[in-house]
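First comes the structure, then the notes that go with it.
The values are calculated or read from the model by the stated rules, or taken from the named source; none is laboratory data. Since we're looking at a predicted model, the values are computed, not measured. Here the Cβ positions follow ideal geometry from the backbone for every residue, glycine too, while neighbour counts run over all protein chains shown. Remember, those area values only see protein heavy atoms, side chains included, never the ligands or the DNA or RNA. Shrake-Rupley method; radii C 1.70, N 1.55, O 1.52, S 1.80 Å.
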Amino acid sequence: MIKDISISKRVLSANDKVANMLRDLYKEHGKYVINLMSSPGSGKTTLLESLSQTDMKFCVIEGDLETNRDADRLLDKGVLAKQITTGEACHLEAKMIQNIFPLLTSDSRFTQSDFIFIENVGNLVCPASYDLGAHVNVVLLSVPEGDDKVLKYPSMFLCADVVLITKADMTSFFNFDVDRIRNDLRSLRGNIELMMVSSKDVSSIESLKQRFQQFANDNYVSSHIYR
C-alpha cells in the first residue's frame, strides 16, 4: 500500500532555529534590533549616516555581496560597523549574523549602543524569506525607484512593520504618488506604517529616530511569520 506523507517542516527551519538563538542573544546584551531591507541604492547607508548625527546610539551589521565600502562609510562617521560579504548570496542569513556577533561584542563601543541595525543585502525578494531575529522589519523604497513597487514585490512589503519613502525631497521631480503607495500597502495588510524621510530634512530624521526609540520603549516585536 502506498501512503501519502504530509511534510510541513519549513525548508528554512535551520535558519529559524538560529534566529531564535539570536533573539536570546539580543536580549542577553540588551539590544533592540532593526532589520533594514530594500533594493540597492535606496539609501540605507545614507539613512544610517544621518541617524549617526542624532543622539541615537547604535552599531551596524552591514551586508553586501562584495567590498567593505558601506561599513567604511559608517566607520568614518564614528559608528561601530562590521561587514558581512556574502559572495553570491543575495541576502543575509541568521548564521551569518551569529558568526559576526562576537566581533561586535569584542569592541568596547558595543556596550554604548542601544540599537543594532542590520543593513541587509540590497534586494527586494530574497531577504524577505530569512528571519534574522530582529525586533522590527523596515523596508525602504526610494522615490527614484517609482511608486509601483509594492504590489510587484508583495512578499517584501508584507514583512514590513514600517515602510520608509526615502529621498522624499524628490517626489515632485519623479511624479511619485505617495497615495498609491499607501493604498497598495493597505491592500496587502492594513497596518503597515508609512513614513517619509530625506537626508536633507533633519526633522524627518529626528522623527524617525523618535519612532525607533518608541518601538524600543514599547518592546515592540514584529508579528510577521516567515514562510
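Points to keep in mind about this one:
- Working from label points 7 Å from Cα in the Cα-to-Cβ sense, the Asn217 to Thr171 distance is 2.6 nm.
- Rounded FRET efficiency, nearest 0.05, which uses the C-beta distance separating Val202 from Gln98 and R0 of 45 Å: 0.80
- The shape of the chain comes out oblate: with a ≥ b ≥ c from the C-alpha gyration tensor, a/c is at least 1.5 while a/b does not beat b/c.
- For the range 75-120 versus the range 15-40, the gap between their alpha-carbon centres in whole angstrom: 11
- Average Cα contact separation per residue, the chain, under 8 Å, 6 or more apart, as relative contact order %: 24
- 19 Å reach of a label modelled at Asp16, 7 Å along Cα-to-Cβ, counting backbone N of the range 122-138: 126-137
- Accessible surface comparison of Asp72, Asp161, probe 1.4 Å, protein chains only, largest first: the order is Asp72, Asp161.
- Semi-axis lengths, Å, the range 105-221, gyration tensor of Cα atoms, sqrt of 5 times eigenvalues: 25, 18, 14
- Residues of the chain: accessible area per residue with a 1.4 Å probe, Å²: 50
- Cross-link partners of Lys200 among lysines, defined as those whose alpha carbon lies under 18 angstrom from its own and excluding same-chain residues fewer than eight positions apart: Lys44, Lys77, Lys167, Lys209.
- Accessible area per residue (1.4 Å probe, heavy atoms of protein chains only) ranks Ile34, Ile225 as Ile225, Ile34, with the largest value leading.
- Gain in span if fully extended, Leu75 to Met195, counting 0.36 nm per residue against the direct Cα distance: 40.5 nm
- Computed over protein heavy atoms with a 1.4 Å probe, the carbon and sulfur contribution to the accessible area of the range 141-218 reaches 48%.
- Measuring r between the beta carbons of Ser108 and Val178 and using R0 = 45 Å, the FRET efficiency lands at 0.60.
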